[in-house]
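Heads up, the thing below is written out as structure tokens.
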There are 2 protein chains.
Amino acid sequence: MSMQTGKQSICFETPPYIVSSASIVGKKEGEGPLGACFDLIGEDDKFGQDTWEEAESTLQKEAFGMAVGKAGLKKEEIRYLFSGDLLGQNIATSFGLMDYQVPLFGLYGACSTCGEALSLGAMCVAAGYADYVVAMTSSHFASAEKQFRFPLEYANQRPMSATWTVTGSGAYVLGKRKSNACITGITTGKIIDYGIKDSMNMGAAMAPAAADTICQNLKDFGRRPEDYDHIITGDLGSVGREILIDLLKKEGYDISEMHLDCGMLIYESKAQGTGAGGSGCGCSAVTLAGHFLKQVEQGKLQRILFVPTGALLSTVSFNEGKTVPGIAHGVVIEHAD
Amino acid sequence: MSMQTGKQSICFETPPYIVSSASIVGKKEGEGPLGACFDLIGEDDKFGQDTWEEAESTLQKEAFGMAVGKAGLKKEEIRYLFSGDLLGQNIATSFGLMDYQVPLFGLYGACSTCGEALSLGAMCVAAGYADYVVAMTSSHFASAEKQFRFPLEYANQRPMSATWTVTGSGAYVLGKRKSNACITGITTGKIIDYGIKDSMNMGAAMAPAAADTICQNLKDFGRRPEDYDHIITGDLGSVGREILIDLLKKEGYDISEMHLDCGMLIYESKAQGTGAGGSGCGCSAVTLAGHFLKQVEQGKLQRILFVPTGALLSTVSFNEGKTVPGIAHGVVIEHAD
């Protein structure tokens with residue numbers, strides 16, 4: 001199989017390894033079903049800072065430091081950083097990571113950013129452009145609500161289809177040094193617009209993009225859904241999951257058995273009042289790092305398709321009556337002996 | 001010289017070619033000193049749309065179509081798109097390019113985006129991940145003023161250090177197919193913060209980042225400034241240029257002879273009332289495509305260092321009293337016979 005695989009995928013001849021990862025979350029995520037698997041749980045969602053934006057920057061700073069430390073590396077050994085976040089002008093990334101003085105590729109893929117960062121990071125390492133890179137992202141409930149919806153002080157009500165932005169950051173060191181998990185391929189997503197105009201129903205906006213990327217991944221690699229132990233979307237939530245499964249059935253693929261959604265795993269929805277599930281760049285980033293990656297490393301999972309999903313929501317375009325298009329980037333992660 | 005060159009550069013063993021480029025600008029840019037060199041000049045800065053954001057999206061749509069057409073390619077032959085813009089959540093990119101249905105890596109590098117897109121695009125082609133990609137970006141005076149400063153209707157006064165956001169989009173098809181210009185190396189920038197807190201003096205915020213990237217490029221490639229016919233920054237303007245030259249003199253490099261700044265070339269500053277010069281992602285993107293690249297293709301310039309400069313300005317962080325850090329990405333472009 002050549003590197004250029006099918007219409008929009010890459011198969012790595014020498015797969016880059018996920019050398020280490022780190023996950024940091026807020027209090028609510030720590031109280032959720034996956035709480036025990038995260039590296040660090042903040043007791044205060046401001047993480048000792050004055051503003052929500054500084055809190056999110058601190059999440060990135062800590063996650064980077066922890067991932068690099070776990071890999072036994074110094075920051076000087078990280079050649080490039082691939083990171084982005086949900087805030088306008090990527091301020092969580094810029095202010096969180098600038099002290100490390102690592103050359104930065106700033107990314108914007110909404111909540112698909114973890115997939116975009118892992119894809120570009122893997123491409124960079126596999127091509128020999130770097131021995132080690134860090135791919136990472138973050139989100140924060142309070143900074144995201146301020147950016148996209150209502151200030152928390154309004155205490156506005158939320159419909160059940162709304163999701164809850166995860167406070168958290170996940171970071172990954174990718175490199176040529178052998179570990180027990182590697183990235184064997186990627187499928188880069190296109191922007192898909194189904195005309196959704198409800199900023200409280202992001203799952204419906206993202207499901208068609210997830211379906212498109214998963215379908216294309218299966219075609220490009222000549223696989224069936226059951227060739228993956230799990231197909232894991234980022235933050236579709238319960239509403240988006242139904243749409244995804246329906247859309248893929250129409251394409252002849254039944255993924256209902258092996259599909260999981262990070263947004264549905266990270267909270268106990270009813271007890272925690274999180275609506276349709278978790279969302280935000282941090283949602284898939286911490287769930288992969290804390291939960292799934294460990295199972296891949298241990299060999300409990302042999303091959304997964306990780307598909308972070310992004311809703312390209314902007315208050316400006318939204319207020320101008322535009323739709324919310326979606327995008328999803330697929331990353332194939334496999335156990336390595 | 002290995003691919004990993006020095007501390008933060010890459011030298012391409014098989015340099016990717018710039019197969020074609022396209023530049024589209026607004027009325028004011030068309031009336032400036034470089035007016036004659038652009039492919040298309042809009043008569044109406046709304047480009048037939050209802051909003052400034054839609055106008056900027058139209059710029060990207062047209063620039064992509066024109067660049068791909070000039071290369072004699074179909075949109076289906078473009079494997080990946082690397083693009084971003086200044087607006088929150090990259091809406092000019094998302095809405096401008098989604099109809100093409102090309103897999104997209106969304107970028108955010110403020111006004112350094114053209115350098116970031118060309119860097120990642122060149123890495124992608126040189127590694128064999130794609131036969132053709134498009135790297136592009138845009139900015140629009142009115143959508144940027146609305147995003148970052150004051151609505152145009154306020155008619156607020158501007159200090160002389162302020163720059164004028166260029167209305168324009170530049171697009172580049174990169175590929176393995178031979179042309180008369182190629183990208184032989186890149187130097188990826190770090191975030192540099194000199195503590196500037198004046199959103200009306202972006203040149204000062206970006207100059208230290210430009211100095212850092214240029215200095216690192218010269219060290220990594222073992223070159224002197226005179227090894228480049230020109231060292232071309234993005235949008236420092238006249239205020240930023242002075243700072244850049246001073247900073248590099250302290251490092252032992254005198255670039256006053258070969259330095260040019262796209263922001264200082266694109267307008268006749270006094271006559272057009274544009275303060276310290278042009279700025280925005282589109283500024284360097286259209287000036288390279290319309291002006292410098294043609295000279296490289298013709299062999300009038302043998303080797304240039306193109307360094308788009310970005311000020312990581314956000315209204316949220318700015319209003320919270322934060323500084324405006326800068327970043328700059330260097331791209332080495334050479335004539336090919």
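Scanning the range B:155-211 for residues that are aromatic (F, W, Y) and either surrounded by 24 or more Cβ atoms within 10 Å (Cβ to Cβ) or without any contact (Cβ under 8 Å) to a residue 12 or more places away in the chain (or both) gives B:W164, B:Y172. Considering the range B:89-101, and only residues there that are facing another protein chain (nearest Cβ under 7 Å) and surrounded by fewer than 24 Cβ atoms within 10 Å (Cβ to Cβ), the residue that is nearest to B:A285 (Cα to Cα) turns out to be B:M98. The criterion of at least 2 residues that are under 30 Å from A:G115 (Cα atoms) and of a type in the set (D, E) is met, among helices (runs of 4 or more DSSP H) falling completely within the range B:1-111, by B:52-70.
Give B:V134, B:V68 a once-over and let me know the one that is more than 21 Å from A:T213 (Cβ to Cβ) and more than 9 Å from chain A (Cβ to nearest Cβ). Steps first, please.
Values: B:V134 fails: more than 21 Å from A:T213 (Cβ to Cβ).
Only one candidate passes the filter, namely B:V68.
Within the range A:111-129, the set of residues being more than 7 Å from chain B (Cβ to nearest Cβ) and among the aliphatic types (A, V, I, L, M) comprises A:A117, A:L118, A:A122, A:V125, A:A126.
One residue alone among A:G203, A:G222 is modelled with pLDDT under 95 and either in contact with a helix residue (DSSP H, G or I) (Cβ under 8 Å, 6 or more places away or on another chain) or farther than 18 Å from A:S284 by Cβ (or both), and that residue is A:G203.
Kindly evaluate A:A144 against the criterion of being assigned to a helix (DSSP H, G or I) and within 14 Å of chain B (Cβ to nearest Cβ). Considered against the rule, which asks whether it is assigned to a helix (DSSP H, G or I) and within 14 Å of chain B (Cβ to nearest Cβ), A:A144 comes out as yes. For the range B:5-13, the condition of being closer than 19 Å to B:C281 by Cβ and either away from every other protein chain (no Cβ under 14 Å) or among the β-branched types (V, I, T) (or both) holds for none of the residues.
Report, by residue number, each residue of the range B:9-32 that is aromatic (F, W, Y) and in contact with a Cys (Cβ under 6 Å, 6 or more places away or on another chain). Give the steps one after another, and end with the answer.
Of the residues in the range B:9-32, the ones aromatic (F, W, Y) are B:12, B:17.
If the condition is that a residue be aromatic (F, W, Y) and in contact with a Cys (Cβ under 6 Å, 6 or more places away or on another chain), then B:Y17 is the only one that fits.
Whether a residue is surrounded by fewer than 24 Cβ atoms within 10 Å (Cβ to Cβ), within 20 Å of the chain's Cα centre (by Cα) and assigned to a strand (DSSP E or B) was assessed, and B:L260 passes this test. In the range B:125-141, the qualifying residues are those that are within 19 Å of the chain's Cα centre (by Cα) and outside any strand (DSSP E or B), and the one that is surrounded by the fewest Cβ atoms within 10 Å (Cβ to Cβ) is B:F141.
The values are calculated or read from the model by the stated rules, or taken from the named source; none is laboratory data. Treat the numbers as computed from the prediction; the structure is a model and nothing was measured. Glycine also receives a Cβ, built like all others from the backbone with ideal geometry; neighbour counts cover every protein chain displayed.
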